1. Could you tell me whether region 68-80 includes any residue that is open to solvent by less than 80 Å² (accessible area, probe 1.4 Å), part of a strand (DSSP E or B) and over 20 Å from ILE42 (Cβ atoms)?
2. Of the conditions (1) farther than 30 Å from ILE127 by Cβ; (2) assigned to a loop (DSSP other than H, G, I, E, B); (3) not β-branched (Val, Ile, Thr), GLY24 clears all except one; give me its number.
3. Name the residues in region 92-114 that are under 27 Å from LYS3 (Cα atoms) and either open to solvent by 30 Å² or more (accessible area, probe 1.4 Å) or in a loop (DSSP other than H, G, I, E, B) (or both), would you?
4. Taking region 20-33 on its own, how many of its residues are closer than 20 Å to PHE118 by Cβ and modelled with pLDDT under 95?
5. Of the conditions (1) farther than 14 Å from LYS4 by Cα; (2) open to solvent by 30 Å² or more (accessible area, probe 1.4 Å); (3) not in a loop (DSSP other than H, G, I, E, B), VAL142 satisfies every one except a single condition; which number is it?
6. Restricting to region 1-57, what's the tally of residues that are within 15 Å of the chain's Cα centre (by Cα) and at positive phi?
7. Restricting region 116-134 to residues that are open to solvent by 60 Å² or more (accessible area, probe 1.4 Å) and part of a helix (DSSP H, G or I), which is nearest to VAL55 (Cα to Cα)?
8. Under 9 Å by Cβ, and 6 or more places apart or on different chains, what pairs join a residue from region 127-144 that is at negative phi with one that is hydroxyl-bearing (Ser, Thr, Tyr)?
Amino acid sequence: MDKKSIILDFLNAALGDPGDFDLGRYFTEEATFCGPVTGGQIIPMMEWVEFKLVVQGLVGPSSFEVMNAIEQDDWISMRIRISAKCLSTAEMIVAYDCLMARFEGDRIAEYIGHMDYFTFFQDLGLIPPGSLHACLSGQRMVWE
């Protein structure tokens with residue numbers, strides 16, 4: 001299986017089709033993850049499972065479409081379109097992720113994800129519509 005197929009298989013197994021999920025099938029024992037969710041800190045990939053549970057509490061099974069992919073040596077960079085149904089409103093939402101992954105053989109050793117969480121949470125109704133534009137204007141958002 002090529003790198004793109006391995007990542008899509010991982011995403012579908014983790015967040016798409018319900019069923020058994022084995023992180024070890026896709027990642028090396030020492031694999032790491034980082035991105036906005038980790039505050040830029042590099043963490044063991046095993047901790048990603050907690051993130052998976054949070055996402056599953058917000059949206060139903062997701063589907064993934066590769067928009068762009070670039071490979072070089074052990075690395076792949078991909079832009080992915082994600083479609084899912086919001087569990088609280090039953091509306092379909094679309095999100096985008098830009099990720100990079102380094103492989104060791106046929107398993108991922110480093111996973112760097114930069115999903116557009118701002119729009120994702122806005123589309124889920126967790127932050128007000130227009131929040132990004134308010135932030136770009138310098139308007140402060142105050143939570144009460």
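The values are calculated or read from the model by the stated rules, or taken from the named source; none is laboratory data. This is a predicted model, so every value here is computed, not measured. Cβ placement follows ideal geometry from the backbone for every residue including glycine, while neighbour counts extend to all protein chains displayed. In case anyone asks, the SASA skips ligands and DNA or RNA and just uses the protein heavy atoms, side chains included. Shrake-Rupley method; radii C 1.70, N 1.55, O 1.52, S 1.80 Å.
1. Looking through region 68-80, at least one residue is open to solvent by less than 80 Å² (accessible area, probe 1.4 Å), part of a strand (DSSP E or B) and over 20 Å from ILE42 (Cβ atoms).
2. The single condition GLY24 does not satisfy is (2).
3. If the condition is that a residue be under 27 Å from LYS3 (Cα atoms) and either open to solvent by 30 Å² or more (accessible area, probe 1.4 Å) or in a loop (DSSP other than H, G, I, E, B) (or both), then VAL94, TYR96, CYS98, MET100, ARG102, GLU104, GLY105, ASP106, ARG107, GLU110, ILE112, HIS114 are the ones that fit.
4. Residues meeting the conditions: 0.
5. Of the numbered conditions (1) farther than 14 Å from LYS4 by Cα; (2) open to solvent by 30 Å² or more (accessible area, probe 1.4 Å); (3) not in a loop (DSSP other than H, G, I, E, B), the odd one out for VAL142 is (3).
6. So the answer is 3.
7. Going through the qualifying residues, I end up with PHE121.
8. Close Cβ pairs (under 9 Å, with a partner that is hydroxyl-bearing (Ser, Thr, Tyr)) amount to LEU132/THR119; MET141/SER131.
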